[in-house]
Amino acid sequence: MLLQETTAADDAMSSSLPAPAMLAATAAAVLFGGLVVMAVLYRRNKAEVVSTKGTGGGKGLPPGPRGLPVLGNMHQMLANKPVHRWLDGLLADAGGGIVRVRLGPVHVVAISCPEMAREVLRGRNDAVFADRPTTFAAESFSVGYRSASISPFGDQWRKMRRVLTAEVLAPGTEHRLRAVREGEADHLVRYVRALCGGGGVDVRHVARHFCGNVIRMLTLGRRHFAAAPPACGTGGPGRDEAEHVDALFATLNYLDAFCVSDYFPALVGLDLDGHERVVRGIMRTLRRLHDPVVEERVEEWRQLRKAGERRDPADFLDVLASLNDAAGRPLLTVDEIKAQIIDIMIATVDNPSNAAEWALAEMLNRPEVMARAVAELDAVVGRDRLVAERDVRELNYLKACIREAFRLHPYHPFNPPRVAMADTSVAGYAIPKGSQVILSRVGLGRNPNVWEDPLEFRPERHLLDGGGVSLSEPELRFISFSTGRRGCPGLSLGTVITVMLLGRLLQGFDWSAPPGVGRVELREAATSLVRVEPLVLRATPRLPAHLYEAK
């Protein structure tokens, strides 16, 4: 299994360490053991913990629970899993939209107030908070900090960010690849149609693999890694494709995962909480699947340069491999290309698939919402053709449903951490250099001071007076696509993928709960924000039969 893979070298690490390293390992183990003991004591003596309601103001630090010398609040973090629910609880208790915990030497500041969020990501603070943490997971997934979104602030980040915005996600590239994206939307409809005769359609499976198919086609020019598609008969993913999507989601889940060594870097290599072993397994899977494709394509472009020839890029990998510097040499190294491929893929699969699953679940419990979304599709598109990207602009109620899913059911608990590169302040509170600021997606999207009845699914709240609806939220009342200097440059691509996914599912099929199921369960998983179980529904085709056939 992906998350259980290891190597003999990993297993033998502790027995092969030299004496000084063994002493360091012993000391670290004692430290970790002490943390565990303190976590247990903390859980047994919660009444002795100082209230999280701080009195900070002026130039004082934000409020938060009292910590221990050296460890800060690390013992409390270990005692309260998942960490995001603990931090959101502290935010709720503090009541001021900002709270601080100290994890070892690092101040971690969580924010759930839109005004404070805008102060972090706009104006003078946007440049101050342009850095990212350096961790074992970040270094691994960015192939040594070579990609755009994960790398720390600096020349490498600037280089890759420029490549991403000016080349990979440029309007011209997006336009050229429209047929590729719509082809995968056609495949989605055929795949769901093939599943209709079974015991139900797993919406999470369908949505995640649609996103996987789209980004593999856009990035690598292939839906499947093998030369021939899987012989499953339904058009679904094969083993490699399933492992690939699992690895991409595992990457997202282990990046910024509050690992102990993220705050005590000297402990990297000891793998005290098991994260490093998982990360290495993920990277083995991604390297096995990506590297042969990348290396073959880079060699193709090397031969084209040698022959003085050129061809039009057919996908993102072609774009990356074809770029030249001022001297006519390849602009990017092979490792930079590999890093950016991972970067692009993990940024694409999570939000669209999660929003589609949650939106359908909510719509089943509010049939009038589903009926209005389907009526809009019938009015804008009709039933004699499939919804296309050119329709996205007019599907405002559908986009309002997606915005509401982003608001109420984010995939990630927090925005990626921003590291303060200098002493600064937010809402009058002092934020020391090196602090990590995280925006709570749950705290913002479900903030009762911002949203009326915040736990209810109401797409109408996003409809403007006769105006269009965008999936972005510049006022940061919730987070869909991050903004600012380190913001998401893929708003346009993310919008069309998400709208096409939910639009094709609603236009192509009537959805209903399985027999014997009344109200659809909306409970979240214990350790994450995804639905506690994958959404399985009955799907019935609602369009003419020829629209489900391959072109």
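Since every read-out is calculated from the coordinates, none of them should be taken as a lab result. Model, not experiment: these values are computed from the prediction. Glycine also receives a Cβ, built like all others from the backbone with ideal geometry; neighbour counts cover every protein chain displayed.
The table for this structure:
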read-out: 26 Å Cα cut-off, lysine pairs counted over the chain (separation 8 or more, or different chains); value: 8
read-out: Cα centroid separation, segment 409-488 to segment 368-389 (Å); value: 30 Å
read-out: Taking the chain and dividing mean pair separation by its residue count, relative contact order in percent (alpha carbons under 8 Å, at least six apart); value: 21 percent
read-out: Computed lengthening from Thr234 to Leu304, 0.36 nm per intervening residue step minus Cα-Cα distance; value: 21.4 nm
read-out: Amide hydrogen neighbours beyond the local backbone of Leu323, cut-off 5 Å, H modeled; value: Leu331
read-out: Residues Leu464 and Arg176, FRET efficiency given R0 of 30 Å [Cβ-Cβ distance, rounded to 0.05]; value: 0.40
read-out: Theoretical FRET efficiency, 1/(1+(r/R0)^6), r = Cβ-Cβ of Ala422 and Asp384, R0 51 Å, to 0.05; value: 0.30
read-out: Segment 439-488 shape via C-alpha gyration tensor axes, a/c threshold 1.5; value: oblate
read-out: Table column - 3J(HN,Hα) (Hz), segment 78-85, Karplus curve with 6.51, -1.76, 1.60, x for Gly and Pro; value: 5, 7, 10, 10, x, 4, 5, 6
read-out: Pairwise label distance in nanometres, Thr527 with Ala314, each label 7 Å out on the Cα-Cβ vector; value: 4.1 nm
read-out: Whole-number percent relative contact order across segment 331-480, with pairs defined as alpha carbons under 8 Å at least 6 apart; value: 24 percent
read-out: Mean residue ellipticity (222 nm) of the chain, computed from DSSP H runs ≥ 4 via -39,500 (n - 2.57), nearest 500; value: -14500 deg cm²/dmol
read-out: Highest to lowest packing among 67-73, 510-516, scored as the average C-beta count within 10 Å; value: 67-73, 510-516
read-out: Sites Leu68 and Arg162, calculated FRET efficiency, Cβ-Cβ separation with R0 35 Å, nearest 0.05; value: 0.20
read-out: Global geometry of segment 229-312, whether rounded, prolate or oblate, following the gyration tensor of its Cα atoms and the 1.5 cut on a/c; value: oblate
read-out: Under 5 Å, built H, 5+ apart or other chain: amide partners of Ile98; value: Ser112
read-out: Farthest positive-ward along the chain dipole, Cα basis, beta-carbon charges - from Ala550, Phe509, His84; value: His84
read-out: Label-to-label distance, nm, for residues given as Arg280 and Lys433 (7 Å Cα→Cβ offset); value: 3.6 nm
read-out: Cβ-based net charge around Val532, under 13 Å, with every Lys or Arg adding one and every Asp or Glu removing one; value: -1
